[in-house]
1. Filter the range A:130-146 for residues that are in a helix (DSSP H, G or I) and surrounded by 24 or more Cβ atoms within 10 Å (Cβ to Cβ); which is nearest to the other protein chains (Cβ to nearest Cβ)?
2. Name every residue in the range A:105-126 that is more than 25 Å from the chain's Cα centre (by Cα), part of a strand (DSSP E or B) and facing another protein chain (nearest Cβ under 8 Å), in order of residue number.
3. Applying the selection to the range A:158-175, what residues are within 13 Å of chain B (Cβ to nearest Cβ), surrounded by 24 or more Cβ atoms within 10 Å (Cβ to Cβ) and either free of Cβ contacts under 8 Å to residues at least 12 places away in the same chain or not in a helix (DSSP H, G or I) (or both)?
4. So, in the range A:263-303, of the ones that are farther than 24 Å from B:Ser299 by Cβ and β-branched (Val, Ile, Thr), which residue ends up surrounded by the fewest Cβ atoms within 10 Å (Cβ to Cβ)?
5. Could you tell me whether the range B:210-220 includes any residue that is buried (at least 16 other Cβ atoms within 10 Å of the Cβ), at pLDDT 95 or above and part of a helix (DSSP H, G or I)?
6. Which of the residues belonging to the range B:5-47 are at positive phi and over 11 Å from the mean Cα position of the chain (by Cα)?
7. Which condition number in (1) touching a strand residue (DSSP E or B) at 6+ places or on another chain (Cβ under 7 Å); (2) within 12 Å of chain A (Cβ to nearest Cβ) is the one that B:Val341 fails?
8. Within the range A:65-104, which residues are within 14 Å of another protein chain (Cβ to nearest Cβ) and touching a helix residue (DSSP H, G or I) at 6+ places or on another chain (Cβ under 7 Å)?
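The values are calculated or read from the model by the stated rules, or taken from the named source; none is laboratory data. Quick caveat, the model's predicted, so the values are computed rather than measured. All Cβ positions, even for glycine, are placed from backbone atoms using ideal geometry, and neighbour counts span all protein chains on display.
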Amino acid sequence: MSCAVNSGMYDVIVIGGGPAGLAAALAAREAGAQRVLILERDGELGGILNQCIHNGFGLHYFKEELTGPEYAGRFIARLAGTGIEVRLNTMVLDITRDRQVCAVSRQYGCQMLQSRAIVLAMGCRERTRGAIGIPGTRPAGIFTAGTAQRYVNMEGYMVGRRVLILGSGDIGLIMARRMTLEGAKVLACIEVMPYSGGLNRNIVQCLQDFDIPLYLSHTIVDIRGERRVEKAVVARVDEHRRPIPGTEIGFDCDTILLSVGLIPENELTRTAGIPLDGRTKGAYVYENMETRAPGIFACGNVVHVHDLVDYVTAESQRAGAAAARFAAGARAEGPALTVENGAGVSYTVPQAIRPAAAGKGVDIFFRVRAVYSGDLRIVAESGGAPLAAFRREHLAPGEMEHITLPKALLDKAAGSITMRIEEVHS
Amino acid sequence: MYDVAIIGCGVVGAAAAQYLARRRLRLCVLEAENDVADGTTKANSAILHAGYDPAPGTLMARLNVRGAALARELCAVLDVPRKETGSLVLAFAPEEVPHVEELYRRGLANGVEGLRILSGEEVAALEPNLAPVQAALLAPSAAIVNPWEYALALAENAVENGAELQLNCPVTGAQPLDGGGWRLHTARGEVDARFVVNAAGVAAQRVHEMAAPANFRTVPCRGEYYLLDKSAGGTVQHVIFQCPSKEGKGVLVAPTVHGNLIVGPNAEDADSTANTAQGLAQVAEKARRSVPGLDLSASIRNFAGVRANTDRGDFVIQWAAPGFLDLAGMQSPGLTAAPAVAEYAAGLLEEAGLVLAEKPAETLAVPRKKIRFRELSRSEQAALIARQPAYGRVICRCETITEGEILAACREPIPPCSIDGVKRRAGAGMGRCQGGFCSPRVLEILSRELGRSPLDIPQDKAGSFILTGRTKQAPAKGGEAQ
């Protein structure tokens, strides 16, 4: 018994059956890929959307307001009749740059699969207490917001009665409302930065509507309780995010939910030797979502963390279609422009553009480093000369931005394109 | 009436139990918590020290070197992860070189083999990520180990050989019996034994005082740590120690048997396992003396442990009262010394009249062999899943721990009753997401295997409850997730 190549050649194997993987697989099939396979480690397709039972999904893509399971359900329904194969409860152990995939599951055993193209759609995971080093005891009752969401929404269990939320990322905000609706008392949401990391609509709908205070520029400096959380001590921080002595506030709580960031889950990518961008923590990608390993594409939160699933869908459709073209023998080639981060920009996706392969133009997604308001310009320039400027009135790190650079402008660029934010003072 | 009652099932109590269970005795082990290895044993540097550190002539010196040799055999027999990485004690400044030389002489006196003093260049060639040093002491026999798995394996072997383990069984008092022996009062009733072995760790002074007035004083000493992601696991290949300086004892940087990097500890008189901002900052600063480029953003967990230091400066192995033997003051190198402490203690018990007749070899339990899915070759994995499909379901994605391994842990002689109990046995939740992904799945499996409601599954010790009730619209039937 060994792990032999046993299923023939696939055109596109998609790793992950969440919103990114679903959109990529469907787009690959529509673009002509014959044999498409989705490998999903959970027992059902849909990924994290399955536990996101709140609404607000699909406003851009479907022009209506759906819950997470509804949004996923629309794509799952589209699989019927396409011939796209799905293996559930299947964990990918490794991939190689020559596009071999090793996976295991109860049903299929140890599988060694070969594909012409691969789409990485593994999503992201939550940062934990250990990553941010919160001092104090280590009792039960400290959950990442997503884990708590799973217990509450999928398993039907409450994780606490008096809750403090650290971090104002979207999942934390959503869980503030969810825990309140389930009868828990949410005491406060604590954010170390001077601005929220979540969408403004979530601040309004999940905190303000329920009178939950948001403490900006604060953090937890101590956790107490031996077996279960009994207390959290919160303090104001200075501009270097260092706690200011004397500003401590005690909260008697039995639960702390952490919403302190998401990290693209790139262990497979890393072990395959595919270069990652230290800023996004995802693979470097070209305009068609191809990584620096030819034939291996990536999309969704495994590339960079999105705040709206609609953009995950759009990005993943591009990745899936490009993977299908690669499987059919087409190659995106030509010299590449790098996309550099100028003033105020923390990252861009893609990080490189091959104008010859760019079609009519390229969408560049990015995040800014701080909150800006007023008369703002997003400037794209090359060789010191502006290519284009886009007007905005508000920019915030919690809200992903994008601009579209038409092919004609790309052709004017040489070597690199730098993206920066300019504040226009009148 | 038991022949021996051991109080405490950390690594010292477990080693004593493992040793004595192979003799024809009635033996019980009384553990206050809901699992073994749940105190200092699970929160320390995880080092099997070579033995150059203790002053020659001390119990520590003798039992360290002997313990390290016994640990090598026991880990091999009981299938406990142990890796002989060797250790380096660094001398950054010329004035630290004499200390390294002193350790070298002590090591020779203690019988440590293979010691060498390396030049700065030799150290740089061995460990390119270290700061420049003048010299370093290389001890090739130093090893890293999984301390709780070591203690668990010892305790399991004891149980399989007939030791009776009582969990959730704190001892509250002791009285001598007429005609010899002791009656112990516990949370689960009275236990009579001819001999009592006090292996209560940080609580050993309190247990001693149940039998006699204290003649040593416990000075609990907290040490704080960082555990770094596997991406940082290759930062150093050896256990890297520093010389003690006027700022105190140095901190170590070492690989772990799981492939992570451990950094710590500081030393502060405190009987608490809480982490502190100051303590962690101190550890970070000191560790960067050894590894200037240390990337603490790769931290996945902080923890703290309490050393059972005493005012004696050596292990406290003594008769508290006739028939009541203290194995106290088990500060570093207690983990290393544990099996030698057990052997030594057995000698004292024998002198006091306990008959240590060996059980016939053929009646002894066959030592455990663990299946570690991620360490198997692809073809072994395929064959295993074909035989037992539960090994095809990966529960912990960070560490590639399968349902098969968790089920096997649930069927061990000392099964887990908590999420962390599963972590200590199977490794689920040890990784970079720290159980964020697998905890709900482990909880579900544990609830099923133990036949208990998910509401009754703790994170770790009794009372560390995870779930507080059902949601408003949860399915009516108990425990079933939809």
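1. As a first pass, look at the range A:130-146 and keep what is in a helix (DSSP H, G or I): A:130-132, A:145-146.
If we keep only those that are surrounded by 24 or more Cβ atoms within 10 Å (Cβ to Cβ) as well, we get A:145-146.
On the way: A:Ala145: 10, A:Gly146: 7 Å.
Taking the candidates together, the pick is A:Gly146.
2. A:Ser105, A:Gly109, A:Cys110, A:Met112
3. A:Val159, A:Gly160, A:Val163
4. A:Ile274
5. The answer is yes; a qualifying residue exists.
6. Our first condition is that a residue be at positive phi; within the range B:5-47, this holds for B:8, B:37, B:46.
Residue satisfying the conditions is B:Gly8 alone.
7. (2)
8. Of the range A:65-104, the ones within 14 Å of another protein chain (Cβ to nearest Cβ) are A:69, A:87-96, A:100-104.
Passing the criteria: A:Pro69, A:Val92, A:Asp94, A:Ile95, A:Cys102, A:Val104.
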